[in-house]
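The next block holds one structure in the form of structure tokens; read it before the comments.
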Amino acid sequence: MTPKIEAIALLTNFRGESAALGAACLWAISSAIYGRLGQQIAPLYLNLLKGAIAIALIIVTLLVRGELLPEISTNNLCLLLLSGAVGIGLGDTAFFAALNCLGARRALLMETLAPPITAIIALIFLQESPSAGAWLGIILTVLGVAWVVTERVSDIANYPLRLKAGIIYGAIAAFALAIGGVLARAALVDTSISPLWAALLRIIAGVLSLVLWILLKRPANNFAPKPFSFSFLAGLSFAAFAGTYLGIWLQQSAIKFTAVGIALTLTNTAPLFVLPIAAWSGEKLSQRAIYGAIIAIAGISTIFYLR
């Protein structure tokens, strides 16, 4: 078997895991952009704008591909919509708020709580129990990512540190992500709906929940969006394309084709993909960052081969 055929076979056998790592890579890039954009706009509006852009992109893609909405039961449709409202509407907004309070380093650390929470919830409600090898991989990956994130050079100088609020927002984001992932898995595991349609339904539900939130909350004028520069709109469009359009498409593929605990563990390896970017930009990586990456990669390998 040639290396090319082996690579294709690996991607086919582990398409859920491969999609999750692809999503993590894209989220690493988009998170850095969202961190900067979040200094110019409230988290609620940032989440709404990136969701609206992603919806437009997905609709165009579905029209080009000629994909019609497949039959889906009312129960599964409700699960997907609720998943979007919780995971994207609440979860992403809380993450952007944590980003503003803590900076990317600490906010990403809070996100590492999501995979074990997800695995536990899935075990309780879906009776989806990863193998002992998969649990070992989840633990190693989470520990490795946490080690990397806690060591990275502080970016707090660019953020007004609000530790208590940031921890609360980060915890909300982690639980919302976990609950949203389990709800999506419950809907996707026994339906033929494509990951792209699932992503569209989830994002629409998330955006609608944000619109309702804005109408009910009526934020103060200083939180309202203001005219944006071309650079802001360009950055937002790129981040929405990479992190929301492609990222959530890949995330839904991961949730559909592998255990949700494994899927969210691998999608939360985004900090590992930041390291090569940091090294390329001239930042010196410490031994701790390198060792943490090695531990996380060992965990990823364990998930792939001992799942």
task = Please give the net charge around LEU48, taking every other residue with its beta carbon less than 13 angstrom from that of LEU48, where Lys and Arg add +1 and Asp and Glu add -1.
result = +1
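Under Stokes-Einstein, with the Kirkwood radius over Cα pairs standing in for Rh, what whole-number D in µm²/s applies to the range 16-306 at 4 °C and 1.567 mPa s? The partial results should precede the final answer.
On the way: Rh = 19.0 Å.
After rounding, the answer is 68 µm²/s.
For a quick check: sort ILE248, ILE297 by the number of other beta carbons within 10 angstrom, fewest at the front. Kindly include the intermediate steps, with their values, before the conclusion.
Values: ILE248 29, ILE297 15.
Result, fewest neighbours first: ILE297, ILE248.
Hey, fewest Cβ within 10 Å first, where do VAL64, VAL274, VAL189 land in order?
VAL64, VAL189, VAL274
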request  = With +1 on each Lys and Arg Cβ and -1 on each Asp and Glu Cβ, and nothing else charged, work out how big the dipole of the range 16-306 is about its Cα centre, in Debye to the nearest 20.
outcome  = 780 debye
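Expressed as a rounded percentage, what relative contact order does the range 16-306 have, with Cα pairs under 8 Å and six or more residues apart? Each step should come with its number before you reach the end.
On the way: 473 pairs, mean separation 124.2, N = 291.
Answer for the range 16-306 is 43 percent.
If packing is taken as the average number of other Cβ atoms within 10 Å across a peptide's residues, how do 123-132, 46-55 rank, most packed first?
Taking the mean over residues of other Cβ atoms within 10 Å, the ranking is 46-55, 123-132.
Values quoted throughout were computed directly from the atomic coordinates according to the rules given, and no laboratory measurement underlies them. Quick caveat: nothing in here was measured; it's all calculated off a predicted structure. Ideal geometry is used to build each Cβ from the backbone, glycine not excepted, and the neighbour counts take in all protein chains shown.
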